1. How are the Cα pair distances of the protein assembly as shown distributed, in percent, across 10 Å bins from 0?
2. Remind me, relative contact order of chain B in percent, using alpha carbon pairs under 8 angstrom and six or more residues apart?
3. Spin-label point model (7 Å from Cα, Cβ direction): what's the residue A:127 to residue A:68 distance in nm?
4. Take the Cα atoms of segment B:482-579, find their three principal axes, and give me the spread along each one in whole Å, biggest first.
5. Helix A:420-434 sits at what angle to the longest principal axis of chain A, using alpha carbons and giving 0 to 90 degrees rounded to 10?
6. According to a simple spin-label model (label point 7 Å from Cα along Cα-to-Cβ), what is the distance in nm between residue B:27 and residue A:220?
7. In whole angstrom, note down how far apart the Cα centers of segment B:267-308 and segment A:446-521 are.
8. Taking all pairs of different Cα atoms in segment A:128-177, averaging 1/r and flipping that mean, what Kirkwood radius in angstroms comes out?
């Protein structure tokens, strides 16, 4: 049923059951919010979306209030503006006020609100928050003093990622976001996906920055800094910096990295290809042994940690292939260089992900105490490095990443978004089973994104089922359903911890209000970049083939495989 | 009782509860009076052992009586009973001898027990301890002993809801039925449909006692008409407002009344499950409620297919875990569900989407216990009590600077002056009346100017107050209103759930503003002085935003105490802020200490005691207080034997 | 697992979310406080995140995370008690015991807790020490009462 309501002296047609906020946003009326999350049930906690409704004694929150016939609403009366301003002033009363030194300086919702509402002085005086910071996690840094308790991180962690590593503790003025017993994130069930960072309105949740340590090494003449560019990272930077795919974004970034001071820059695409090749052969083996359960992808470290903590029984189904970042680190440190040099090398992964920081620190990813990847720079951090070095990517002269591994296939870019890797593995499996130059192979994802993310392909005599899920909740639900329905027609499931895959990763630039659109744009960029490589299939990468045959001894050994184990955490 | 347990049960269920013509048989009434304890064959001693009585020492008294009975091998019934509301008389012991009227004794301490029982059990009166006797048509009255209802504390009260309190054995279902209990429920499910019950309750104009004064019957109809496979009824007996304890008294003294009320209410909305949500500190209430529930279940009054009517109602007692905000219905529901008790937004109202998203009615205990009476006597009877605008009676917990204190029940329309001066017996300790605090949750004061206001929803609203929780704390001139405002604001700051910004941050900021006004002047720098004035100027605006934008009523009413202090006691406020003095002398940091040169002997006692070396002076010479250093700890005042330390 | 804890768990066979708070009550009644280990056990029994349980438990004033003293003092600080001078009593208790509200002293003899209202307003100000009430207090009587308890403790020790 639809009827009319009056907003700011304009008649607006609305549907029954809609909330006021939705109606106003649809009609282009800007209403500030802090706790509101699109797609979640509203919580009504921040009160910033209050509006004045005729006949109501108090102001009402538009995010929770359903439209009523004949409503007369004022969204910007002086009473409303005054209330919103006071609310922001209350938040600022105990805020640390160290914007200049804040990670989110200039990209902070609280700062914007203060500016919009004309806050010109500290109106209320209160003791500034001095809560203990938590830098125990390898990926996520928490500064509770800056937390305004909007609840977004808690909800993402619980409702989207099913992890519940953080929760409101204590009550009233003493309320904090923390994990059990106020212990650090490192002993909590946190999977380091960084989705909390992506929804935090202030600087209360940021990544553990590796910029300083990388810069320190760059100045060290005894060390050789090696940059490893993930294709997803390249696509994200290209999208963010507005570089056309034809302008060779990887080349421009490579040039910038040399300018910054890196000694060597490698493209990680070859490691992505290797990962695909490894997973396709594991899949082939499992097929030959008639495994009834599907193979699960292993390239997402947050998903791995989730599985280790919450569903250890499925660990045997997860592919043992190392993730591209670790494969690349291994190749660089132990294959492209002499093993004796490995401690002089300092490998830096350039990733759209904060979980990779954690992954680099996993014990399985070290050899004789030396880590395969020493530091990880996220998209956010790299953009900052560019700014501080005064480098404009568009003015760079493209330089190609170092041989012998500069050649790549589509697969690397495909791994950036949900569904891409599944296709890449399918193509590689086809190549494996049908030999060179397979023809007539089609992998057509369903057009309607709401439908099941599954594709059935015929390779040889067999029909194979490939599926892809992103976001832990979706993954868990899907896997539960598979088990429940006792399905045996799905053979491979690509799992990514962040919604949409790495394009929605926790290391991407924070832009809360258009996060979904941004992720879509990055996916589009990845798909554009995908068209460039001559090889469409991972296994057709000549450099990889040459490399593998030259290092047959290594390739055959377990150096490209890792292992997983159950983890007991506070969960 | 000569009959054994199962015979009593059979009699009460078949002849009384299931018998619609029970009132026509006079013989039944006689039998009932034996079960109810009105007619007895052996002496009965009744000790009020509710929480407030226990605090006064009733447990020891009870044990002493138990020992006496055991030692002397007497055939006496000893009952752990409820509370008549007259706290001042605790420990209160009632004695009934066969054929004699029941008589109450006040302040029976355990050491008095042997002498006391020696006398009374031998039919002689320990006169100093006599309080009053209960009127009786069938028993011999005691000579020269006043009647209970004639006590000054009781004359102004209208005891409808508390009629059984302190009279019956609280847990005994048999006694409750024998005194007319559960008959309303039995008749209701036999005679009326749920819609009828809602209608009757709506017609009675029974208004919610929790604060909103919403007509209960109307609220029930919303849930009754909501389509759902499961509905819930919740009795809100959290009563976490400091200074109110009427719900506790009811639960401890007459738990069956609450159970009956909840059964009727649950039936009226079609709920098969009902909860009584109370505080974990009320351990005795929980114990007695559970014991009473067990007895009721044994009688087939709760549970499955009650009296073969096809009605199923289960009642569960839920313990809160101490959070004031649980009094808010959505927070309460969250707490029952095992979550942090943070209120949810409304609409949707719990009547549509409450516990586990099912239609749920949450009613205050006091509202509910009116229901059996309404069903029994009809809505017209209920409307006849009270005044034009407010119906029924109201319970108060009267305490503070009054001579008589305790739980009182007055008819709506009674003036607060009558409560303080007649029921309360006036102000004690030669003090003068300053204000009545009507519960923290309302933050309202009755001052000497408004003392003639009546207990009436409308009249109070017009005067800018609310009926509040039922706490009625009388304060005298020696109390500082700013100190009370600070106390209230501290309470709200601690009890805010922390969900919404205005309440979480606003209460803390308000407290800081008030504290700035009561902070020691000599410790203040010029910046803080500015801050103090700025704070006071911002107070009203801040309070306005909190009222305007808070999520639940806790945040909306948190600023009331300060706003009402500003409105009613502005001069006291100004004295603190501008003159830096506390007129009542309560705010310690605003006190200044001086040494009277003429009185001081130079004994150095104060000099030695001062923790901050703020006192200077040599032995046998007059001493002097350095104001800048003094922290107003009062140590010098306590140390001085010559009254030389003067507090200003 | 602790046998007593197990018997508490057996009281809640349905393992539902709304069993959480009653279960925490039972554990605290039994053991005096909620230890980390017990919270973890409750989490795995009810299948609720430990972080969530900690969030719930810290919301309510009732739950403690450290042991009580041998004598647990609960000071009523309701409106009537405040008017009657509970603030002074609290200050005296804190001075005497050298602990703040919510703490247990070093010897483990006393712990102090401020509660909002015990509901015996007529007898204000009052404290409750292990179910024993002490009413209409003054600064002097607090000292005497504490000394009695200290003496009781010493007698226990001598025996």
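1. Percent of pairs per bin, in order: 1, 8, 14, 17, 17, 14, 11, 8, 5, 3, 1, 0.
2. After rounding, I find 10 percent.
3. So the label points at residue A:127 and residue A:68 sit 4.3 nm apart.
4. Projected onto its principal axes, the Cα set of segment B:482-579 covers 39, 27, 20 Å.
5. Tilt relative to chain A: about 20 degrees.
6. Distance between label points: 10.5 nm.
7. About 50 Å separates the Cα centre of segment B:267-308 from the one of segment A:446-521.
8. Every distinct Cα pair counted, the radius reaches 11.7 Å.
No lab work stands behind these numbers, since they all come straight from the coordinates. Since the model is a prediction, treat every value here as computed from it, not as a measurement. All Cβ positions, even for glycine, are placed from backbone atoms using ideal geometry, and neighbour counts span all protein chains on display.
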